[in-house]
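The values are calculated or read from the model by the stated rules, or taken from the named source; none is laboratory data. All values reported here derive from a predicted model rather than from experimental measurement. Using ideal geometry, Cβ is built from the backbone for each residue, glycine included, and neighbour counts are taken over all protein chains shown. Ligands, DNA and RNA are excluded from the accessible area calculation, which covers all protein heavy atoms including side chains. Shrake-Rupley method; radii C 1.70, N 1.55, O 1.52, S 1.80 Å.
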Amino acid sequence: MERARSVTKKIGKIEFSLLSPNEIRKMSATKVITADTYDDDGFPIAMGLMDPRLGVIEPGLRCKTCGQRVGKDKCPGHFGHIDLAMPVIHVGLIKTIRNCLRSTCRECGHLLLTDKQREEYFKELKRYNQEGRNTTYLLKQVIKDCVKAEKCTRCGREVGKIELDKPTSLRENGKKLTPSEVREWLEKIPDEALPLLDINKKSARPEWMILTVLPVPSVAVRPSVTLQSGERSEDDLTHKLVDVIRINQRLQENRDAGAPQLIVEDLWELLQYHITTYLDNQTSGIPPARHRSGRPLKTLAQRLKGKEGRFRSNLSGKRVNFSARTVISPDPNLSINELGVPIRMAEELTVPVKVTSHNIDWCKQMIKQKYLGSDDHAEYIPGVNYVVRETDGMRRRIKVTEKNAEDVAEKLEIGSSIERQLMNGDIALFNRQPSLHRMSMMAHRVKVVPDKTFRFNLCVCPPYNADFDGDEMNLHLIQGEEAKAEAEILMKVQENILSPRFGGAIIGGIHDHISGCFLLTHKDRKIPLDDASHILAAINYDGKNFKTFTEDGKKYISGKDVFSTLLPKSLNLEYKAKACFNCDTCQAPNCPHNAYVIVKNGVLKQGIIDENGIGAFKGKILDRIIRDHGMDAGREFIDNFTKLAIASITLFGFTTSIDDEDIPDEAKKQIAEGIGKALKKISGLVKAYEAGELESLPGRSLEETLEMEIMKVTGKTRDMAGEIAGSHLGMDNSAVMMAKSGARGSMLNLSQMSGCVGQQAVRGERISRGYQYRTLPHFKRGDLGASAKGFVASCYKSGLSPTEYFFHSMGGREGLVDTAVRTSRSGYMQRRLINALEDVKVENDGTVRHAGGQIIQFIYGEDGIDPTRSMGGNAVDIDRIISDVKEGV
Amino acid sequence: MATEKKHFNIMNHKLVPFHMIISEKEREELLKKYNIEPNRLPKILDTDPVSIYIGAKPGQILKIIRESHTAKEAVSYRLVVESNK
Ligand SMILES: [Mg+2]
Ligand SMILES: [Zn+2]
Ligand SMILES: [Zn+2]
Ligand SMILES: [Zn+2]
């Protein structure tokens, strides 16, 4: 494959300067005087905006300036110009114009500095430039000193106060300056003064900031499109230029005819408006120019600025080939490294293969096989879409069809290349936006599947932050061998199990995987032998036979032994499971809740396998296997325990429904009593406050004290309700099992459903806004009681009262608004950080430097630790070392 | 104004790491070790309170030793530069 030779040249500097009116005229191919574009026959009008001397866009036509066509020789397009009847201020330069006027004398054009000051500034400027220092601050100081002057030191003219009315109007002592007057003033500024005004005298003159000639960009910049109806639609820039020419013409006619000053001035302002919006249609202070449909026009600045502008949308980011996008759905039977790609996509996406003497037979077979007619219609047969033949530098792409397949295959030569369709085992990059970390784009092995969605293992949801409520994801097919190798080594899912954010697994069991393992391992579960065989068949178990025991004439296997089949023989581990109750006195190895996990020599001796064992983020067993046995073993463990867990949970059955939140009437009564007591306590507090008997807490006002006390009581009330409800929801309850094992939901969710929802808050305080002195018209003015300030005593199951519902919505809304605000703000912050850090890397000598060679850090992170390989951020896992030493490993 | 001792010694504050002007010999070793010109180093202004306190002049290099949770000590260097006032 051909490779562009890298250019090893350095950009010394980039200089921006102004075009002089003469330069604009010199580079102009034609003067533009007519506002019309095409005549009735559809031909461009000479000296109009579509003059053929400005370049051509239709293929076949020849440019009248350079004689070239659009196609191969390519006419680049040529500028034209409009001679303005009166000068106009350039909006983009208004600040510089203002500074020039503020720092110079209107009479003689000299800087408003004393000779001594001037000399000193010039000397200082020279020194700064020699030392290569930034002169911005110094030059700002010049202007500041000039503004202080009251009289010109040369001619003695009183200095007027220059004010800027946004966007383009300047006043001296309150009297408006016309652009002509400004231009005359700027013309007087001598060349010697320019360096102190931050203008390079070699490339610009200040009066060029006032436009007398407007360049007209070529038609290639503003092509017109022909709609299906045959109607021509012009570019926004053309529309704007039409306006400019029209007003310019009227201004000229009126001025020449000696029209009243007022009319001329009005037209002049209008011309200024049109040119201002032509340059930037989002200038503050003036209404944006609109299309007939009401849409604001996209003029010059809008083409470049912002997310949809040229830089961010066409230069920093581009559309690509060999990519695909569709909805995602889960498939628990795929490995975490695999990705199901729909057949219809696979037939469209191709990989180039060079034909060599080694693979020519295979290539021929590939071209033909799709059309040989297989018996099995469900099977996917990859074919070839194109054959690219290269003879004497001429590239010919031949499309392979059913008709010519045989023929093309026979004529295939060594040195050609084929573009073959996607095959099982190809490597592709898979991505979900927003791509917030590097695990948002990982490499997968393709498996071609029927239907129309991408499919992948559920364990890979957390790194992509994906769910299946309609999410779509992108696929990028890898084209080269080097890229393939690189992706395989660095980007495969199994290489990204450990997160560089906290040095733990980010890929691991979720939801049903955890519930499944929980069911398998809790309460000394015994499984009938044939059921166990069923579960083990899911992982193709072919190890040695099990220790079985017989009860009532039936053979059983313990659930823990079934799970142990996944563990490496050398695994020794002890930890607290998620289901741990955090008892006051932990009886560690002999936990009555079976929440202390002990693995000895790869056998699960006791304890429940739950989120702390296999879960993403927290899984201890998972973490240990990856650290001790590597990524391959980690992948195998994940693949196996997902299958095992899914097989178990399907076999045992697992259901949750609203009656999981049922609690006995006795408990309901208890909760109601508790809430009644709390309400009484709160009204007691309010009464004490109103009577002035409440004692304020140190550093708090009386009101704050009352609020804090009430919040304390409401908080306790919800906990009380949760505890009572929780005590009636045992471990045989599916919802509780999920909450305790960490599969989904929390005990707080359950207590809100069956106990009491609790206090609603906005901005961390009880709800206090709404009507005058009260939250809702249902309450008395000044009511400080619990229910008037957002305490929801009901539970979700029994339903909320109308006022409770309203308060609950207020709290809920705050949450939604917060997340919306947070995401946009953190997104912008991340963008700025990425732009600032994108060229920073670790060099061979261990220093962190940016592209310019500046040292950022002397060792990466000032400690040289790769957070991916750290133990939750620590360089060394001391506990592990101690326990290993104790066991004599 | 270089070493005008104030009644409060900023160097004793727990958030201010240890700063030291390095010797000519150490300077040469440093530049050779990283194969760099001095201006490739991180900078510190000559008007920085610490620079003023220890009397660092533009062109000198400061050695800074920070306490680190993971590495115990993290050493870095800064080039003293003249501020734009
Ligand atoms: Mg979603
Ligand atoms: Zn041309
Ligand atoms: Zn003067
Ligand atoms: Zn316990």
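With both labels modelled 7 Å from their Cα along Cα-to-Cβ, the residue A:732 to residue A:388 distance reads 6.8 nm.
Multiplying the residue separation of residue A:886 and residue A:659 by 0.36 nm and removing their Cα-Cα distance gives an extension gain of 76.8 nm. Association of chains B and A removes close to 1600 square angstrom of accessible area from solvent, both sides included, for a probe radius of 1.4 Å.
Here the calculated FRET efficiency for residue B:10 and residue A:9, from their Cβ-Cβ distance with R0 = 35 Å, stands at 0.15, rounded to the nearest 0.05. At a Förster radius of 30 Å, what calculated FRET efficiency corresponds to the Cβ-Cβ distance of residue A:819 and residue A:778, to the nearest 0.05? Plugging the Cβ-Cβ distance into 1/(1 + (r/R0)^6) gives 0.50. Scanning residues 5 or more positions from residue B:21 or on other chains, those with amide H under 5 Å from its amide H are B:63, with H placed 1.01 Å from N in the peptide plane. For chain A, the per residue solvent-accessible surface stands at 56 Å², with DNA, RNA and ligands left out and a 1.4 Å probe. Using 0.36 nm per residue and subtracting the Cα-Cα separation, the extra length available between residue A:523 and residue A:511 on full extension is 2.3 nm. Report the Cα centroid-to-centroid distance between the range A:762-819 and the range A:564-637 in angstrom, as an integer. So the two Cα centres are separated by 44 Å.
Comparing the full protein assembly with the isolated chain (1.4 Å probe, heavy atoms, ligands and nucleic acids excluded), the residues of the range A:839-869 losing at least 30 square angstrom of accessible area are A:849, A:854, A:855, A:858, A:862, A:863. In this rough spin-label picture, where each label sits 7 Å from Cα along the Cβ direction, the residue A:310-residue A:46 distance is 3.2 nm. In degrees between 0 and 90, to the nearest 10, how far off the longest principal axis of chain A does helix A:665-690 point, with axes built from Cα atoms? That works out to roughly 50 degrees. Between A:217, A:313, A:287, the Cα set farthest toward the positive side of the dipole of the range A:217-317 (charges on each charged residue's Cβ, about the Cα centre) is that of A:313.
Checking every one of the chymotrypsin sites (Phe, Trp or Tyr not before Pro) in the range A:676-773 against DSSP loop status and a limit of 12 other Cβ atoms within 10 Å picks out A:773.
Here is the list for the range A:405-456: GluC sites (Glu not before Pro) lying in DSSP coil, each with at most 13 other C-beta atoms within 10 angstrom of its C-beta, are A:413.
Ignoring ligands, DNA and RNA, what percent of the 1.4 Å accessible area of the protein assembly as shown is carbon and sulfur? Solvent-exposed carbon and sulfur of the protein assembly as shown make up 51 percent of the total.
Can you classify the range A:66-176 as rounded, prolate or oblate using the Cα gyration tensor, where a ≥ b ≥ c are the square roots of its eigenvalues, rounded means a/c under 1.5, and otherwise it's prolate if a/b beats b/c and oblate if not? Working shown, then result.
Details: a/c = 3.07, a/b = 1.62, b/c = 1.89.
It is oblate, given that a/c is not under 1.5 and a/b is not larger than b/c.
Per-residue Karplus couplings for the range A:592-598, computed as 6.51 cos²θ - 1.76 cosθ + 1.60 with θ equal to phi - 60°, are listed in order as x, 8, 6, 9, 9, 8, 10 Hz, Gly and Pro entered as x. Extension gain for residue A:542-residue A:249 works out to 96.4 nm (0.36 nm per residue, less the C-alpha to C-alpha distance). Between helix A:136-148 and chain A there is an angle of about 50 degrees, using the helix long axis and the longest principal axis of the Cα atoms. Going from the isolated chain to the complete set of protein chains, the range A:109-138 loses at least 50 Å² of heavy-atom accessible area (1.4 Å probe) at A:133, A:137. Considering only alpha-carbon pairs that sit under 8 angstrom and 6 or more positions apart, the relative contact order computed for the range A:560-713 is 15 percent. Which of rounded, prolate, oblate describes the protein assembly as shown, given a ≥ b ≥ c as roots of the alpha-carbon gyration tensor eigenvalues and a/c under 1.5 marking rounded, otherwise prolate only if a/b is larger than b/c? Since a/c reaches 1.5 and a/b is larger than b/c, the shape of the protein assembly as shown is classed as prolate. Accessible area per residue was computed with a 1.4 Å probe on protein heavy atoms; residue A:502 scores about 60 Å².
Using alpha carbon centroids, what distance separates the range A:117-176 and the range A:193-265, in Å? Measuring centre to centre over Cα atoms gives 30 Å.
For the range A:174-269, which trypsin sites (Lys or Arg not before Pro) are both in a DSSP coil and crowded by at most 16 other Cβ atoms within 10 Å? Here the sparse-neighbourhood loop sites are A:201, A:202.
Relative to the longest principal axis of the Cα atoms of chain A, the long axis of helix A:620-652 makes an angle of roughly 70 degrees. Inter-chain Cβ neighbour count for B:63-69, averaged per residue, equals 1 (cutoff 10 Å, partner chain atoms only). Probing with 1.4 Å while keeping every protein chain in the model, the per residue accessible area of the range B:21-81 equals 59 Å².
Taking Cα pairs under 8 Å and at least six residues apart, what relative contact order does chain A come out at, in percent?
Details: 1370 pairs, mean separation 66.4, N = 889.
Across chain A, relative contact order equals 7 percent.
Here the relative contact order of the range A:6-119, from alpha carbon pairs under 8 Å that lie six or more residues apart, stands at 18 percent. The H on the amide N of residue A:68, modeled in the peptide plane, is under 5 Å from the matching H of A:63, each at least 5 residues off or on a different chain. Taking R0 as 45 Å, what FRET efficiency do you get between residue A:22 and residue A:379 from their Cβ-Cβ distance, rounded to the nearest 0.05? Computed FRET efficiency for residue A:22 and residue A:379 comes out at 0.05.
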